[in-house]
1. Can you pull out the trypsin sites (Lys or Arg not before Pro) in segment 23-76 that DSSP calls coil and that have at most 12 other Cβ atoms within 10 Å?
2. Between Q59 and A44, what length comes free when the chain is fully extended (0.36 nm per residue of separation minus the Cα-Cα distance, one decimal in nm)?
3. What is the gain in length, in nm to one decimal, between W73 and R36 on full extension, counting 0.36 nm per residue of separation less the C-alpha to C-alpha distance?
Amino acid sequence: MKKMSFVAGTLLCTPVFAQLPSAADPSITVPPVAYRSVFASTPAGMEMQASDWKEANAQVGQFRRGHADVLKWEQAQRPTTQPNASKR
């Protein structure tokens, strides 16, 4: 039964394939591909002003151990007073 339905389905689809144009036929016109830059939707940037590269290099250089020092610096910059959540 499965074999018959496969054969019947194949025979029913044959006229559809016969109507398709050949990909090798040079007389077939193809619509042009629309160009869209991949950078069209990316943000232009967040930096408001240019800074001196030597100063920026010195600021980054203060973190000798890399990310571990940056995390410690961020924790030191947090405000010490935390709002009490139980007052609601």
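Values quoted throughout were computed directly from the atomic coordinates according to the rules given, and no laboratory measurement underlies them. The structure presented is a predicted model; accordingly, all values stated were derived computationally and were not measured. Here the Cβ positions follow ideal geometry from the backbone for every residue, glycine too, while neighbour counts run over all protein chains shown.
1. Loop-located and lightly packed - R36, R64, R65.
2. Result: 3.0 nm gained on full extension.
3. The span from W73 to R36 would gain 9.1 nm if fully extended.
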